[in-house]
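Have a look at the structure below before the remarks.
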Amino acid sequence: MQRPTLGSEHETARRGGSPETYRHGPLAPWLGSGDIVAVGAAPLPRNEDGHAIVFAGYRLQDVGDFRAAIRDWMGAVRIGGHLVIVVPHAFLFERSNALPSRWRPEQRRLYTPAALLDEVEEALIPNSYRVRWLGDLDNGYNYRLERSVPPVGRHDIALVLERTPIPDWDLTERQVLTATGPDFAFEPGHTRLERPAVSHPTRILVLKLDHLGDFIMGLPALERLRTGFPDAEITLVVGSWNVGMAEETGLFERVVAFDVFPRNSTEEKVDVHGKTTLFRETVTGEYDIAIDLRNDDDTRFLLPLVRADIRAGMGNRAKFPYLDIFLPVDATRHGWEAVRIEELSAREFDCRGVFRRTHHQIAARGDLIRQDGNAVVWGPYRHLLPGQYLFEPHIDIDPRTPGLVAYDIAVDEKVLHRGVFGGAETPPMIFRNETDGGRFEFRLWPVDDEPLADFQFFGGRLVRQGASSVLHQSEYTTLLVELLLLRVTQAGVLREWTPPA
């Protein structure tokens, strides 16, 4: 079975786009003629006055620091000139609201018109530009095609910004100081009051935006939350790869998929804050309690986006002033004494010579593999200390291709765990190493008398479980839930109250 490929028009877009392909249609007033400079791999050429038109076609979605890129492009535009940005439309091109992109695996972010405008407002100084045109380009788009078929027709979002001189006035009023001397009168601006206890919250939102291993370790805390609030309607927000397991627990009335991180954590880090608009569109409604159960604080900024009466998470009020209930976290928990978590990239694994390799992945075409009883991917031959381990492989199996992919885990050539991948979720692989320095190996195999499915392998995550001298992440999450139960149902929650003027 041949993998679908994009046509020549789309391949041009993959390579960065060209102003010529947009000269007709809505962008004609800006790209019809004039001094046009296209953004490419090399730095933008500069001149003293700036350029009339800077065209950034299919570039923004691939850069890591979108703020720096937008500022750089606009900086090359002269006053009165225009910056034209074109990106693929998430709903027309990928036909998805989560990465990775089916047609452009190098892509780092998905865009809707609102998401594109949000990034511009984050990057540029207010009133240094004006939005002259924003819209969907879907000329000739075939809406009848299946999602698995490459799109036909235009599938872009275009934004035209005019660079304008910054006015002398600001958006905020400046306070004029009129006092002639110090005022020693004590008038507190706000008073801390104890909020009455909320004994029976009816709606609770839980963010557990972790990878598979961390989600499994957080299950005791989620079970405690359910028993503590047996009558509440609990909504859980997790990565799409954890939806099935979360639903099988039966702990939640609703499970929502939201991918703030890539499923394969060995990939290059993404701009998490770029998911703000998509989060607002995905998580709606009002809640009595919103709690972020991720130990690391990189998702804590999502809590203020939730309409909730009480917000809880790891950290402290100095760093996260919007937290009503917080559990301080030991900053040394990632030190040498902590339980080890290792990200194993695809570079640490070997594979058959017919496979395609990049910096981040091993890609397999199953129809090219000869059934000879040998593994197709193997590695990384790590020497382990004795203990209990959990291995989470990062693998995407193409459901459009027939066939199966088997796996096993061996330590010192003794197989400790084996199975066959099925469905969209990767099963947890728990094994125990009994020897000091036991050699760990993970392998992928064809299944006897079955074709090998097409797949992409990105490495995996190896977690050594057990106690250490600092709290383990499962203990932190459970303690945070216990603190929430104590504060909400018994002690009450301290809230800041500002008296009316």
Give me a count of the residues in the range 230-254 that are more than 24 Å from the chain's Cα centre (by Cα) and either open to solvent by less than 10 Å² (accessible area, probe 1.4 Å) or on the phi > 0 side of the Ramachandran plot (or both). 2
Quick check, is Asp136 assigned to a strand (DSSP E or B), under 25 Å from the mean Cα position of the chain (by Cα), charged (D, E, K, R) and assigned by TED's automatic domain parsing to the domain that holds Arg46? yes
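Output the residue which, of all residues in the range 305-364 that are assigned to a loop (DSSP other than H, G, I, E, B), of a type in the set (A, V, I, L, M) and in contact with a strand residue (DSSP E or B) (Cβ under 6 Å, 6 or more places away or on another chain), is modelled with the lowest pLDDT. Show your work before the answer.
Taking the range 305-364 first, the residues assigned to a loop (DSSP other than H, G, I, E, B) are 306, 315-324, 328-340, 349, 352-355, 358-361.
Retained after the next criterion (residues that are of a type in the set (A, V, I, L, M)): 306, 318, 323, 329, 331, 338-339, 354.
The next check asks that each one be in contact with a strand residue (DSSP E or B) (Cβ under 6 Å, 6 or more places away or on another chain); those that pass are 306, 323, 329, 339.
Numbers: Val306: 92, Leu323: 88, Val329: 78, Val339: 60.
Per the criteria, the residue is Val339.
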Residues that are of a type outside the set (D, E, K, R) and modelled with pLDDT of 85 or more, drawn from the range 203-216: Ile204, Leu205, Val206, Leu207, Leu209, Phe215, Ile216
Can you name every one of the strands (runs of 3 or more DSSP E) wholly within the range 368-431 that holds 2 or more residues which are among the basic types (Lys, Arg) and more than 17 Å from Cys351 (Cβ to Cβ)? 414-420
Filter the range 63-119 down to the residues that are over 19 Å from Leu134 (Cβ atoms) and of a type in the set (Asp, Glu), then identify the one that is surrounded by the most Cβ atoms within 10 Å (Cβ to Cβ). Glu94
For Ile395, all conditions in the list (1) open to solvent by less than 80 Å² (accessible area, probe 1.4 Å); (2) at pLDDT 85 or above; (3) over 23 Å from the mean Cα position of the chain (by Cα) hold save one; what is the number of the exception? (3)
Filter the range 31-62 down to the residues that are within 34 Å of the chain's Cα centre (by Cα) and either aromatic (Phe, Trp, Tyr) or loosely packed, with under 12 Cβ neighbours inside 10 Å (or both) and list them by number. Ala41, Ala42, Pro43, Pro45, Phe55, Tyr58
Taking His383 and the conditions (1) touching a Gly at 6+ places or on another chain (Cβ under 9 Å); (2) modelled with pLDDT under 90; (3) closer than 19 Å to Glu342 by Cβ, which numbered condition does it fall short on, given that it satisfies the others? (2)
Specify the residue that is farthest from Tyr22 (Cα to Cα); the eligible residues are those in the range 120-159 that are among the hydroxyl-bearing types (Ser, Thr, Tyr) and exposed (fewer than 13 other Cβ atoms within 10 Å of the Cβ). Ser148
Which numbered condition Ala28 misses (of (1) over 24 Å from Ala115 (Cβ atoms); (2) under 34 Å from the mean Cα position of the chain (by Cα); (3) not charged (D, E, K, R)): (2)
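The values are calculated or read from the model by the stated rules, or taken from the named source; none is laboratory data. Here the structure is a predicted model, which means the values were calculated and not measured. In this analysis, Cβ positions are derived from the backbone assuming ideal geometry, glycine residues included, and neighbour counts consider all displayed protein chains. Accessible surface is based on the protein model in full, side chains and every heavy atom, while ligands, DNA and RNA are left aside. Shrake-Rupley method; radii C 1.70, N 1.55, O 1.52, S 1.80 Å.
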